[in-house]
Structure formats: structure tokens, C-alpha cells
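Report on the structure given below.
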Amino acid sequence: MRINVEVFKNVLELTEEEFSEYEEMVKDFEKLHSDKNFYLGELVNVYCLAIKDEKKLLFHERKYTRFVKKHYGILNTLVCGDDVFERFMDAVTMDYNYAKENYGNKEEIIKRLNWLLELDILKFDALSENDDFCNANYYSMDERELFFEIEHGFSKTGLFTDGNIIFKDDSGYISEEYRIEYHDCIHDRYPVLVTDANYVLGYTKSSRSFSDKCVLKTNMKIKNLMFDIDSLPTYDELQNGVFPKDVADYIAGKEKIMNQKKTIIDTVYNVGEISETIKRLLSKLEYYTVKYELTGDREEAKSIKAKLDVIKELYNDLIALKESIINDCFEDELMDEQELSKKLTKKRWDSIDTCC
């Protein structure tokens, strides 16, 4: 159920007498809505005409003008402000039971609604206790997935909540068509579970290019309006896409490990490539040295062989260095043999693609 914050706030600010009138309006609307020929757009138009020129109501259906005239006072209280058409629809279609169950605690709830308006959050989704929170990111392959994504290209995704944020296993996310490996590069996605939460405020900050102004899209979902108000971000924190401290610390730790892995992968790969180059060079030099020994100066060939021994020693040192780096990696439990092999294979394929 989508709730207009300002309209809902206006409902909660009604006196008890006005709230009874609001209940009667809702009941009348439900009767009107049950008419198979009912048209909500026409009802809104009649209300808009009543604001400007009541005489024109004579040209509209009686059932609409009767409803508007009867409830004009309460509608005018709820719908005041811009976007009359949208506010009117939100006012008459709002679930009365939802308003009623929160009306008794309205002072505390209004404080929270005022805070949402300060954050420029104009609507929220009211969830039941059995509903799941899902992500606000419109480009997610699984829109039910909650995640943090550090700045990647021109976008950034995150969330605020008064619940517990639990990071999922790093093994990856599998969908029907894709597989994303988390923590495989600096710009990355961190999927999370949120437990014991009254709300989740998700956001996606994006732009088409570095020169464009960032557009912030928010999506708030609330199970209990008595959420912890201190857990909400400030306006600047939301606009700048600041991650909660615990999340930022977790990601910083993951990035540190990722950078260590990247350094090892690059070093092992580069040392391996150099070693193979030297090995091929040695093979050719030894072949031509043997031929020169048979056909040329034996003493000079002997001198060349001695120099080749230095290159062989360099080759052996490189192999030993590579093995030492790999052993240290395994001992520190930074990667196991399977992960290292997989990432080295990916590095080789990436290098081939770059060359091509």
C-alpha cells in the first residue's frame, strides 16, 4: 500500500470529530467505488471544479457532485497543497484501517512523518509484518535483493534501517541468466539481509556522466511507524549516499583483502609470464650455443654457456619467488588453490581479450 506522507500527516492531524467525518467519507467512497460505472478521474475533476467554479458542477453526474459537496470540507483539509489530482486520489483511496490503527499514537508518528518530509521522502510503502523488504534499485536483476554497491561508474546504491544488517556469503549471487562474483574488483556489490527492522530506506544515486548532476531515487518501506527516528540519515547523508559506519567499515575491510588478492594475482601472473619468456629464450640460446660449439670457437662457446648459467639461475630464482608468494598466500588463508587457479585463468583470458 502506497502512502502519501503529506496526505497521511493531514489525516492524523484531524480532530476526533473530523476523523469521524473522514471515516464516513471513506465509507461513502467505497459505496461509490462499488458502482460498475464508477470513474475515479471524473470524481477528481468534479472536486477540482468545485474549487474553481461550483456552477460548473451542474454538468456532471449527480453521484460525483453529491459526494464532493458532502465531503468538501474534509477533502479540502486533506488535499491542500500542490498536485491536487494526485493528493485527492491518495486521500480517498487510503486504507482507513491503516489510518485508524495509527491515529491513537499520532503525535509520535507525526514527528516521524515530518522527518521524512525533511528528507524529501514524499511517499512510502506500508508493509504488513509478513511482507519482506526489497531493494529500491530499479536495475537490480533481482528486485528483492538488498545490497550496497559502492560507486560504480555513475551510480551508487545503499540503504538505511533501524534493523540489523547482515552481509551475505561472498560466494556470489546466482540468477537464471547471470552470476556475479562479489569482491572480485574494487567497484562491487555487497548483498545483505535486514532483520528486526521497522523500516528500510533504500536509495540509488546515479547520473549519465561525470559532468551530469546526480539524481537520487529513494524508496521507503515501513512495517511499523514507531521506528527508531535516530536511525534515519540527515538530509546531507542521504543526498551524498553515505553508508552507515558499520557497513563502511565492513566494505573497507573487504576492499583491503581484495587489494591483497589483486596484488598476489598480478605478481604471480607477471612472474609466471616472465619465467616462461626466459625459459623459451634459454631453450633457443642453448640450441644455438651447441651448434656454435660444433662449428665455431669452442672457447667462446664455453664462455657463452657460463653466461647462460646466470640466466638459468635467474629463472630458478623467479620460480622460487612465485612458489614462495603462493605458499604465503595459502598459509595466510587469503585464497585456496582452487580460487587462485580460477583467478589466474581469468587474468589470462582478460589479457588475451586486451591483446585482441
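The values are calculated or read from the model by the stated rules, or taken from the named source; none is laboratory data. In this text the structure is predicted, and so the values were computed from the model without any measurement. All Cβ positions, even for glycine, are placed from backbone atoms using ideal geometry, and neighbour counts span all protein chains on display. The area values use the complete protein model at the heavy-atom level, side chains included, leaving out ligands, DNA and RNA. Shrake-Rupley method; radii C 1.70, N 1.55, O 1.52, S 1.80 Å.
Overview of results
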item	result
Farthest toward positive dipole pole in the chain [+1 Lys/Arg, -1 Asp/Glu at C-beta], among Gly202, Thr277, Ala126	Thr277
Candidates per trypsin sites (Lys or Arg not before Pro) in the stretch 1-107, loop by DSSP, up to 12 other Cβ within 10 Å	Lys36
Cα-based shape type of the stretch 240-356, given that a ≥ b ≥ c are square roots of the gyration tensor eigenvalues and the cut on a/c is 1.5	prolate
Exposure of Ile251 as accessible area (Å², to 10), given a probe of 1.4 Å and all protein chains	10 Å²
Over the stretch 1-103: Kirkwood hydrodynamic radius from C-alpha pairwise inverse distances, Å	13.9 Å
Charge dipole (the chain, unit charges on Cβ, about Cα centre) - positive-most of Tyr292, Leu32, Asn240	Tyr292
Cross-link pairs beyond the 18 Å C-alpha cut-off, checked among Lys221/Lys245; Lys9/Lys70; Lys123/Lys223	Lys221/Lys245; Lys9/Lys70
Relative contact order (percent, whole number), the chain, Cα cutoff 8 Å, 6+ residue spacing	13 percent
Solvent-accessible surface ranking, highest first, for Val290, Val44, Val84 at 1.4 angstrom	Val290, Val84, Val44
Charged-residue dipole, Cβ positions (Lys, Arg, Asp, Glu), the stretch 203-356 about Cα centre, Debye nearest 20	760 debye
Share of carbon and sulfur in the accessible heavy-atom surface of the chain [1.4 Å probe, %]	49 percent
Given charges at beta-carbon only (K, R positive; D, E negative), |dipole| of the chain in Debye	1280 debye
Ranked order, Ser34, Ser324 - accessible area, probe 1.4 Å, largest first	Ser34, Ser324
Most positive-pole-ward Cα, Ser351, Gln338, Asn105, against dipole of the chain from beta carbon charges	Ser351
Calculated percent of Cα pairs over 26 Å apart (choose from [x] 54; [y] 67; [z] 59), label	[y]
Relative contact order for the stretch 204-356, counting Cα pairs under 8 Å that sit 6 or more residues apart, in percent	22 percent
Cα-based shape type of the stretch 77-127, given that a ≥ b ≥ c are square roots of the gyration tensor eigenvalues and the cut on a/c is 1.5	oblate
Where Asp95, Asp132, Asp162, Asp332 fall by accessible area, highest first, once all protein chains stay in place (1.4 Å)	Asp332, Asp132, Asp95, Asp162
Anchor Lys284: lysines whose Cα lies under 24 Å away (excluding residues fewer than 8 positions away in-chain)	Lys302, Lys305, Lys307, Lys312, Lys322
